[in-house]
Amino acid sequence: MTGNDNNILPFQQYNYLSSHTNKTNRMRTLTKIAAGCLLLLSSCAPARVAYIGRSYTPTTTVDLFFNTKDVKKPFEVMGKVNSEDYAFRDPQKIQEKIMTEARKRGADAVIISNFNEADVAQTVYEKKEGTVTATSGDVPSGMRYVRADFIKYK
């Protein structure tokens, strides 16, 4: 109840509380529906790949590594890529997008250096009997992030 609630008569309190609760429940429901629609629409969006670096003549084959020590030929890093996709999708899709971008940019190989699912901080406030309790923690954001280097053999 807000500061303006002093004008509510005792027999009106139930209706006020009931309508306030109904408004809160409607907002929660609308929020859930909006989040569901956003998730549904975003599931159609492809993984995003952001590249920065040099480009060469496109290549047809690209080697894949997960550690620089595994690359046996001398090389130079020609660029870096960051990619993100929704965690409920197959991580292979991110890898495929990165490999496609590598061929397009003329890379000889890709070194995937980081693969993780991001968390976001969340604080939940709960009011019971005039006391507000805050609970904080990390929750999955639903996003996977991949960082990689595109390399060119010397």
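The values are calculated or read from the model by the stated rules, or taken from the named source; none is laboratory data. Everything numeric here is computed off the predicted structure, so don't read it as measured data. When we count neighbours, we look across all protein chains shown, and the Cβ atoms used for this are built from the backbone with ideal geometry, even at glycine.
Please go through the range 69-98 and give me each residue that is out of contact with any Phe, Trp or Tyr (no Cβ under 9 Å at 6 or more places or on another chain) and surrounded by fewer than 17 Cβ atoms within 10 Å (Cβ to Cβ), ordered by number. Correct list: K69, D70, K72, Y86, A87, F88, R89, D90, Q92, K93, E96. Inclusion of D138 among residues that are at pLDDT below 95, surrounded by 13 or more Cβ atoms within 10 Å (Cβ to Cβ) and out of contact with any Pro (no Cβ under 6 Å at 6 or more places or on another chain) is not warranted.
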